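The values are calculated or read from the model by the stated rules, or taken from the named source; none is laboratory data. None of the values given here were measured: they were computed from a predicted structure. We place every Cβ from the backbone using ideal geometry, glycine too, and count neighbours over all the protein chains shown. Surface areas here come from the heavy atoms of the whole protein model, side chains and all, with no ligands, DNA or RNA. Shrake-Rupley method; radii C 1.70, N 1.55, O 1.52, S 1.80 Å.
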Amino acid sequence: MKPLVLLASSLSLLLAACGEKPAEAPPAAAATLAVGVVRFGELGFHPEREAPATVLGKNETRLAAEASARIVAIAVDSGDAVKAGQVLVRLDAKDAELALARAAAGLAQSAARLAQAEAQMARARTLREKNFISAEALTLRETELAATQADVQAARANRDSARRGVDKCIITAPFSGIVRARTAQVGELAAPGTPLLTLADTSDLQVVAQVQARDAEGLATAAKVEFAAAGQTHALTPLRISGAISREARTVEARYRFVGSAPAPGSEGRLVWRDPRPHIPADYILRRNGRYGVFVLDGSKASFRELPQAQEGRPASADFPPEASIVTRGRHALQHGMAVTLEPAPAAK
């Protein structure tokens, strides 16, 4: 046994002299080691997690012009609160009103021709019953009546389209919210698609967070999730956690709704929760054969249990039963299957 001990000591001195440190514990001699253990129920803890989050409305809309006209009035400015249906911007509607008047006149003309065609049709039927006109003449009247009816439908559509053009000169709020930005000025010529205002929805504020993919499972089962910002915390209720992982940041999007009052939209803060899965402190996680795990007492032997999600220097979740005995003292010299004995419990003071 002494030669083996001397050989191991010489090897350690040689590595130290070369400035190298073994990444893993060297194989131990086939001897029984005394170790100390702690129940997993006492050792495990539930770490607090957090992720950057922002308060956003369900909608954030850039209101744009739908007609080509000059802006004559803007009733709101950046930061103003508005209600659904409130008038925000007015465009010059003179051209649209003239188009509506022309369309209405065209509809009136078509309606007059339709009345004349209906009267001629009624007279033609009476004459046909008395054989005063031919069947071809009656068919001609029927054709004229059908064409006039179609003209009336087209004229009515033109009138409705022109009326819609007048309506487009008034931009109203599609929902209650806050004006985030004003990008138009009175007197400017607006074309279809010209952005006028940016409106943030305040009727259904949500917390949107980008969560690390490895933390998504714990977040989904967390009993309590809060939004922390400006020294205050706000209780949340879950909406959904996306199943898609961002390829760039390796994160998933999580959305939550406020239980009570909510901060202003655009507020930056942190999504905070406590992981419901018990974790083992990083100090007790070892590396063996390129894998990370812990030693668990299995009868009179030490069994190495791999933790697939473990990373160097970070606590790792584990699903051991609470009564499992985790080796805490003497763990660095252990190898899988090594015989061990328990250290005597420290005397009570």
Note the direction-averaged projected area, equal to a quarter of the hull surface, for the Cα convex hull of segment 74-125, in nm². 6.0
Surface per residue (accessible, 1.4 Å probe) for segment 62-117, Å²: 58
Taking every Cα atom in segment 249-349, find the radius of gyration and the maximum pairwise distance Dmax, and write them in Å. 20.0, 62
Which value, in Å³ per residue, describes the convex hull spanned by the Cα atoms of the chain? 317
Fully extended contour minus Cα-Cα distance, from residue 58 to residue 126, at 0.36 nm per residue: 17.9 nm
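Compute the Rg to Rh ratio over segment 131-215 from the alpha carbon atoms, using the Kirkwood formula for Rh, and round to two decimal places.
Details: Rg = 27.4 Å, Rh = 19.3 Å.
Reported Rg/Rh (Cα atoms, Kirkwood Rh): 1.42.
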For residue 190, enumerate residues with amide H under 5 Å from its amide H, sequence gap 5+ or separate chain, H modeled in the peptide plane. 69, 70, 71
Can you find, among 245, 342, 109, the residue farthest towards the positive end of the dipole of the chain? Put +1 on the C-beta of Lys and Arg, -1 on that of Asp and Glu. 109
What value in Å³ per residue do you get for the convex hull of the alpha-carbon atoms in segment 294-333? 88
Mean residue ellipticity (222 nm) of the chain, computed from DSSP H runs ≥ 4 via -39,500 (n - 2.57), nearest 500: -9000 deg cm²/dmol
I want to verify the translational diffusion coefficient of segment 198-319 in µm²/s; compute it with Stokes-Einstein, Rh as the Kirkwood radius over Cα pairs, at 37 °C and 0.692 mPa s. 194
Counting only residues 5 or more places away or on other chains, whose amide H sits under 5 Å from the amide H of residue 292 once H atoms are built in the peptide plane? 307
For segment 210-244 and segment 127-167, what is the separation of their C-alpha centers, rounded to whole Å? 65
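Using a probe of 1.4 angstrom, how much of the accessible area of the chain is carbon and sulfur, in percent?
Values: 11030 of 20930 Å².
Reported share for carbon and sulfur atoms: 53 percent.
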With +1 on each Lys and Arg Cβ and -1 on each Asp and Glu Cβ, how big is the dipole of segment 57-155 about its Cα centre, in debye rounded to the nearest 20? 260
³J(HN,Hα), Karplus 6.51/-1.76/1.60, whole Hz, each residue of segment 256-269, x for Gly, Pro: 9, 10, 6, 7, x, 5, 10, x, 5, x, x, 5, 9, x
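Can you pull the Rg over Rh of segment 31-119, Cα-only, Kirkwood?
Details: Rg = 34.9 Å, Rh = 21.7 Å.
Rounded to two decimals, Rg over Rh is 1.61.
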In debye to the nearest 20, how big a dipole does the chain give about its Cα centre with +1 on each Lys and Arg Cβ and -1 on each Asp and Glu Cβ? 220
Starting from the amide H of residue 49, placed 1.01 Å from N in the peptide plane, find each other amide H under 5 Å away whose residue is 5 or more places distant or on another chain. 273, 274, 275
